[in-house]
1. Output the 0 to 90 degree angle, nearest 10, between the alpha-carbon long axis of helix 29-38 and the longest principal axis computed from the alpha carbons of the chain.
2. Taking every alpha carbon pair in the chain, what does the distance histogram look like in 10 angstrom bins from 0, in percent?
3. Take Ile81, Ile175 and order them by how many other Cβ atoms sit within 10 Å, fewest up front.
4. With 31 Å as the limit, write out which pairs from Lys17/Lys173; Lys38/Lys121; Lys60/Lys171; Lys60/Lys125; Lys17/Lys181 have Cα-Cα distances beyond it, or answer none.
5. Among Ala106, Ala90, Ala37, which one shows the highest mean-square fluctuation when the chain is modelled as a Gaussian network with alpha-carbon springs under 10 Å?
6. Between region 163-190 and region 67-97, how many Å separate their Cα centres?
7. I need His174, His124, His73 ordered by Cβ neighbour count within 10 Å, fewest first.
8. Putting +1 on Lys and Arg Cβ atoms and -1 on Asp and Glu Cβ atoms, find which of Ala107, Val170, Ser156 reaches farthest to the positive end of the dipole of region 48-190.
Amino acid sequence: MANFRRFRPDDLNNLSKCNLDPFTETYDLSFYLQYYAKWPSLFQVAEDQDGNIIGYIMGKLESSPDVYQFSEHYLPWHAHITAVTVAPEARRLGIGKLLTQQLEVAADANDAWFVDLFVRKSNHKAIAFYKSMGYSVFRVVRDYYGDHSSDRTLSSEDAYDMRKPMKRDVKRKHIRADGEKYEVDPCDVW
Ligand SMILES: CC(C)(COP(=O)(O)OP(=O)(O)OC[C@H]1O[C@@H](n2cnc3c(N)ncnc32)[C@H](O)[C@@H]1OP(=O)(O)O)[C@@H](O)C(=O)NCCC(=O)NCCS
């Protein structure tokens with residue numbers, strides 16, 4: 001049985017059940033606190049009956065800077081999943097799905113066009129997870145993790161940029177059926 005609530009700064013002492021996973025990035029403290037301060041409703045944790053953090057999701061709301069508004073890569077107002085992770089012993093219980101659904105509710109409440117995220121092409125379990133929730137590949141970002149990853153135990157790799165349209169996107173104009181064919185470089189991602 002998990003309890004879901006907003007992230008609190010003291011949770012930073014209690015993330016290791018989740019963050020020991022190699023697919024889960026560990027960031028600087030200031031990075032977590034920036035999400036806590038700016039997007040508190042998009043930073044949710046799941047805790048077990050002993051108060052251990054067994055899952056969390058970090059997200060944000062944004063659009064590309066105005067200077068790029070005429071670029072083909074411009075991203076309109078959307079929610080972004082920066083991290084979602086569930087401790088190995090608590091997987092396949094629906095916790096990741098509930099955390100993601102909570103973020104999608106916040107995305108709709110904030111009139112976002114879509115929710116997006118980046119995932120390693122080799123992270124087949126996470127890709128299956130996202131697909132089960134209605135996400136699809138929008139584009140491939142070549143060598144995305146070569147420059148961005150803080151985890152040097154994983155090798156350089158392409159990312160799938162995956163998306164799920166939100167209620168605002170009635171005509172489904174922000175998703176693609178054949179997104180695996182669209183490759184971009186990390187410099188095209190803002
Ligand atoms: C991806 C992750 C967050 C999924 O969390 P979870 O709580 O285990 O997922 P859920 O139990 O909510 O699964 C929902 C559905 O997703 C799919 N799914 C989840 N894990 C899966 C797996 N290992 N293989 C295939 N499908 C999977 C299933 O359809 C599942 O429904 P079902 O259990 O009824 O079949 C978890 O595996 C994880 O923390 N992985 C390591 C960190 C990571 O890769 N994060 C994503 C980085 S982008």
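1. 70
2. 9, 36, 39, 14, 1, 0
3. Ile175, Ile81
4. Values: Lys17/Lys173 39 Å; Lys38/Lys121 29 Å; Lys60/Lys171 24 Å; Lys60/Lys125 23 Å; Lys17/Lys181 36 Å.
In this structure, Lys17/Lys173; Lys17/Lys181 exceed 31 Å between Cα atoms.
5. Ala37
6. Cα centres, region 163-190 to region 67-97: 13 Å.
7. Numbers: His174 19, His124 10, His73 13.
If I rank by nearby Cβ atoms, fewest first, I get His124, His73, His174.
8. With unit charges placed on the Cβ atoms, the residue in question is Val170.
Every read-out reported here was derived from the displayed coordinates using simple, explicitly stated rules and does not represent laboratory data. Here the structure is a predicted model, which is why all the values come from computation and not from measurement. Quick reminder, even Gly has a Cβ in these numbers, built from the backbone with ideal geometry, and neighbours come from all protein chains shown.
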